[in-house]
């Protein structure tokens, strides 16, 4: 004679706390990945486009700019005007950050982008008022600059 006893079915224990923590962890991970992607795109956005084709108004013919392994450009153009325009464009691409920092330094605005540690420097620069004297010099310079190649200046 065989005796079989049935055991009561044990329901699996549900752990809502662990499930909630897992979901919250996943949400936090997705938020961190999204923020990292957004920061990466923001950090890359001001960089110049060095690859591919760029349509720039002001050229009369196609211009080819090739950069070597060190980033030094070689420019091929059909005319001297296009060459000078391309040279001005490439110079502006390469030196935009430097030109912006120099302008901000003269105007006493470095602390706006580099932090409050530079407030003292900004105050001194504003006392010297280089930006006002620069604006006065610019008027005189613009009157004398008509002899410069216009393509180089226009590209910037």
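For the range 75-156, the helices (runs of 4 or more DSSP H) that sit wholly inside it and include 3 or more residues that are at pLDDT below 85 are 80-107, 119-128, 130-144, 150-155. Could you tell me how many of the residues in the range 65-89 are surrounded by 12 or more Cβ atoms within 10 Å (Cβ to Cβ) and free of Cβ contacts under 8 Å to residues at least 60 places away in the same chain? Final tally of qualifying residues: 8. Considering only residues in the range 16-55 that are in a loop (DSSP other than H, G, I, E, B), surrounded by 10 or more Cβ atoms within 10 Å (Cβ to Cβ) and without any contact (Cβ under 8 Å) to a residue 40 or more places away in the chain, the one that is nearest to the chain's Cα centre (by Cα) turns out to be 47. What's the number of the condition residue 10 fails, among (1) over 30 Å from residue 92 (Cα atoms); (2) assigned to a helix (DSSP H, G or I)? Condition not satisfied by residue 10: (2).
The values are calculated or read from the model by the stated rules, or taken from the named source; none is laboratory data. All figures in this text were calculated on a predicted structure; none of them were measured in a lab. All Cβ positions, even for glycine, are placed from backbone atoms using ideal geometry, and neighbour counts span all protein chains on display.
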